[in-house]
Structures are given as C-alpha cells and as structure tokens.
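Working notes, beginning with the structure itself.
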Amino acid sequence: MTYPLLDAQLLRRATIRTAFSATTPMFHLAIFSEHRHEQWNVCSQLVGLRESPTTDQRWTPVWDDDPQLNECALIVRVEPDFVLLESVTTRQLRTTDGRKLTGSTILSMPCRMRIGDVWVELRSSNELRPLVPLNQTGLDDLMLPQTGDDKQLGPSAATVTRWLAETAKLHRAAAGSQEFYDDAARFAVETVGLDGAWVLRRDERNSDAPWQIVGSQLTEPEKGICFDENALNRLALHPTTWYQQAEDNSSLRCPNAIVIAPVLDEHRQLIGAIYGVRNINEANRRRGVRPLEARLVQLLADSVAVGIARLQRETEAARARVLLEQAFSPTVAEYIQQHPESLAGQEREVSLMFADLRGYSALAETLQLTDCYELLGDVMEALTQVVVRQRGVVVDYYGDGLLALWNAPIEQPAHADLACQAAIELFDVLDPVAEKWKDQLDRPLELGIGVHTGVAYVGNAGTRSRLKYGPRGNAVNVANRVQAASKQLQLPLVITAATQTKLSDKFFTLRVCTAKLPGLERPAELFTAYPASQAAAVKSRLDDYSRALQLFEDGELEAAEQLLSELADQGPATPAHFLAHYTAAQKNGNLGRRAVDKYAAQQGPVIEIISK
C-alpha cells in the first residue's frame, strides 16, 4: 500500500513530525453509526481508521505507535487548522456537503466525513464556550423570552404537561439497559426540543476516553457528532447544570449551543452527564438554550441518576441473592434479604444435625481419585436436597459429611420434627446413589446421623464477602459427639433427650442408653427415632429392648445379656447387638478401657462412648 501525498514510510514517521509544530495539539475523534457512538482524545499527529474484517461498517482508530497503522484504509494527519487525509478505502468517502473524497485531501477543522453509513469527525480541543450555571438563574428568568425572534413567554401548559409525562415514563424504564440510555437521549431531543443529546458515563481511569457514550440521539449528524470535553471538564470542577444562552451565542456566532447537566450518585459524586446541543440554522428561531429547558435537562439527569442508583441496588440485591442461595433455600434467602439483621447474630434454640458417610475412608482406598470426588459430590447433592426440602439450612460440608440446622434464621416451631424427618429421609435418598455406583462399590452406602436441640449463637460465621451462616456454642459440640456415638452404638440415627422431648406424635422413640460422651462432663440421655408408621412392626422388639436396658442399668447383667442376645438375632431395629457386647464386657469384669476392645467400659449404668 502506498500513499502518494504522504509518502507512507517517510512522511508518516519523520517528515510530518519535523515539518510542523513540535507540540502536537490534542484533538477529538468521534465515530457515529446507527449502532455505535464513541469518542476519543488523541494526542498524536497521526491516526488511522481501520475497518474490522469481521464486522461490516465498524471502523476503529489505530494510533501512530501501532504497527497496524500501515494497514489502515484511512490515514489522518492533524494540524490546528486543517486535516490532511489519505484514503485508499474502497468505501464511498464523502464530506458533509456530499463531495467525494479520494486519494489525498486537505480539509479544514472541524473535519466531518461519511464512510458509507458511518460518520467520522475530528475537531480541535481548544474551544471555549460562554456557559452560564443554572443555579445562578432565578425563577423569574425561567419564563422570560430569550430572543427577539421568540415572543413566547415560555412553553405552554400543554408542553410542560408533555415534559412531565415523558419524564415519568423514563422513571419507569429499566435502568442500565441500552434502551434506557437511548430513551434518555431521545427524551432530550424529542421532548426538550434539542437537536442532539449524549448520555455519558465518567471513567477517570481511561485517559483516551474519560467520558464514555452510553446513549445518544442525533438528528443532524452532519453538523457534529463530537461533544465538547472542555465543557465537561468545567462540569467536573463544578458539578451543576451549565447552558449556553442565546445572547452569548449570537455574539460569538457559534454553530450550536449546548447544555450539560451532571449525573450524581447517592454521595453527590459526578458519575456521568447529559450533554445536549441545539444547532443554529434558519429553520430554528432559537439561538440558544432557555433556562427552563436547561432545568428540564437537569431533571432528565436526575432521572438517569435515579435509574442508575436503582440498577445498582438491584445488582447488589441480585448478587446478595446469589450468595444467599448458595447457603439457603430460596425461601430463607428471601427472608434474609428482607431481614438482613438476622445475619448479625442472635441466640436461638436450634435443632442441629450432623450426617456422616460411614466407611468412606476404606471405600476411598478402592476407588480412583476422580471417582471418590464424584461419588462424594453425588452423596452431598442428595443429602442437601433433603435438607432444603425440609426447610433446613446447610451450614457446612466437612469431608464426607454435613452439618444442617433448623429454626434459624426463620422461626420454625416444629424444628425438631423437621430435623428428624430430614434424617429419616436421608437414608432413603442414598439408594439411587448406590444404584448409580453399584459397579464401583464393594459395600453399601451407610450414614451415621446425630441430632441435638439446644441454644446456640447463630449468624454469619464467615465474612462479608464469603457468607457462612451457622451456629456457635456447646450445642454444636454435643450434636457432633452424638453423631460420632451412632457408630459405636451401631445405630443409623441417634438423638438427644432435648430433641426427643420436642417431637410430635409423628415419631416414636426408643431410649438407647445414658452415655458419657467424649469431651462432655455430663452424661447424655440418647434416643433413636422412628416414623410413627413403623410403630406396629417394631413395637414388641422396642419394648423388649427397654426391658433389657432396665435390667442392665439395675445391674442384672446376666438377664440383660440373655434378652439382648435374643433381640440381636432378630435384626438391627434396636441397638441390642452393641448393648449385648457391652453387657458381656462388664459381666466378665472388664473394668479397664483397652484400645484393642471397642466395648471396653467402666462398670455402672452409664455407658462410656470411647470413639470420638
């Protein structure tokens, strides 16, 4: 590719920079089409425009330090008063008056051209406009005629009514969407009566484009697609509404008049602006912006600020909802959003459930690492669904188990019922998982579950960014010890007396024993629970176990052992197998606690649970 006028390799890099002023002026470059409007600050003397090879009619700037400059279809060299344009594009390139541009052309500043349906403008950044702050305009001035040509005392009542109706529509629009910003710009043009409007967001980190165009409406792009950044810099220093009056405009013969209004966040910090322009022509009697029109643009900016604030609140709420739903059911998540104080921490009576996959360590030795990971994931997913279905909160996953709670943060009077119902359902949901993994498993999947009801301090036990809602206190330790005891007692479910006393008639229970749990000073009354529907099938065996337990606690070990042995042969419905061996250990005088004997125990009615 060659450039006859610029001599691509020589003029572009060397001659251009020495033949003109050493100080390169900053100028603005804007590109506008139906679906795109962008503007950049340019501090180099050379800039190229390159059409995207994948997107039709999308032109992007290429700066002079970019190797791709040599591949651009348009090369522009900018001086304070003119632009030297070199074009090799096959696209139709014309000026605003329709003149076709080919090869090398010198154009005056500001320079506007059209490439197909895309408008391009380059203009100097040294414009200074006479702007008036709206806060210095009195209420009486709002209704005075602004020019000799316009004899009206301001807008009619019908016009003001239309303004307010359109403003109300914008308030109801979905903030943050492209349509919202485009509607705001359209409001400034169609309702206020301007010829062009930009909705801008401020980005101080981007020096090339500190003001991002997020919405625009231009009725006459041939008269300009750039906004005046000097005026916006004034707005940044003094964030109030500024506008250009008719008398100021007529004396300077400016081609247009502007109005800019700040978009402020809840802390009154500048985050954007509404920028409007009125072009001066014979068809428009107005030579500037009226104070009342400036006031309406300010109202529009306030509406945009309200919309952005609403969007931020909705975004934060959605982010919080996602975070909450990672730990809670949708119902609980919604409650916490409505009552955020519930995360602050409070004392509550809760029912806690620890559930542990038994024999997982031995099982893991027979499986591949990835299989272990996936199997445990399937198990935890199944358990979690049950907890959520029974309106519980999964507090945490630990290795091959989980901790869940009820009665917090939402009050649940039947929390003990819910915890025990969840525990019973957990055993059933393992069957589909076991069926799925039957080819890899050499043993059944079994759970050990402990449930305890007690007072705990519940709240966010994590951080603000990583929520972990859960309980703290001795009740958690007791529940954990009860779950561990279920293995030695050879029962799938063990509950404490505190839980048992709160159960409804949907369950019936069996007192297992009085046990000394590791780490706890006081012995605990332990029970197991069954659904009421099973009462008839196991009642006789449960009654026999209760008699055997009473014999054991009364010291009648011989009779207790005989009855327990008979019960053990009838199946695992009761903890008879464990208590039979424990009774035999006491009867045989095993008073010590040896590691080789898991039933080693002290004498007396209180059973000592050895394993933790």
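The values are calculated or read from the model by the stated rules, or taken from the named source; none is laboratory data. Fair warning: this is a prediction, and the values are worked out from it, not measured in the lab. Don't worry about glycine lacking a Cβ; one is built from the backbone with ideal geometry, like all the others, and counts go over all protein chains shown. We work out accessible area using only protein heavy atoms, side chains counted, and drop any ligands, DNA or RNA first. Shrake-Rupley method; radii C 1.70, N 1.55, O 1.52, S 1.80 Å.
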In sequence order, calculated HN-Hα J values of the range 197-207 (Karplus, 6.51, -1.76, 1.60; Hz; x Gly/Pro): 8, 10, 9, 10, 10, 8, 9, 5, 6, 9, 6
Probe 1.4 Å - accessible area at residue 128, Å² to nearest ten: 150 Å²
Apportionment of accessible area to carbon and sulfur, the range 339-465, percent (1.4 Å): 51 percent
Fully extended contour minus Cα-Cα distance, from residue 65 to residue 468, at 0.36 nm per residue: 140.0 nm
Relative contact order, percent, the range 431-556 [alpha-carbon distance under 8 Å, six or more residues apart]: 19 percent
The range 268-348: relative contact order in percent, alpha carbon pairs under 8 Å with at least 6 residues between: 18 percent
Mean-position separation - Cα centroids, the range 48-119 and the range 385-399, in angstrom: 63 Å
Phi to ³J(HN,Hα) by Karplus 6.51 cos²θ - 1.76 cosθ + 1.60 over the range 189-195, Hz, x for Gly, Pro: 7, 7, 8, 6, x, 7, 9
Cut-off under 5 Å, modelled amide H: who pairs with residue 272 long-range: 202, 263
Three-way shape label, the range 373-456, alpha-carbon gyration tensor, a/c 1.5: prolate
Local electrostatic count at residue 605 - Lys and Arg +1, Asp and Glu -1, tallied over other residues with Cβ under 13 Å: -3
Under 9 Å, Cβ to Cβ, from residue 92 - net charge with Lys/Arg +1 and Asp/Glu -1: +4
Tensor-based shape of the range 174-231 (alpha-carbon gyration tensor, a/c under 1.5 rounded, otherwise prolate or oblate): oblate
Under the Karplus curve 6.51 cos²θ - 1.76 cosθ + 1.60, θ = phi - 60°, whole-Hz ³J(HN,Hα) for the range 410-421, x wherever Gly or Pro sits: 7, 6, 9, x, 9, 5, 5, 4, 4, 5, 6, 5
Within the range 342-385, GluC sites (Glu not before Pro) in DSSP loop having at most 13 other beta-carbon neighbours inside 10 Å: 365
Under 14 Å, Cβ to Cβ, from residue 262 - net charge with Lys/Arg +1 and Asp/Glu -1: +2
Length-normalised contact order for the range 437-491 - Cα pairs under 8 Å, 6+ apart - percent: 38 percent
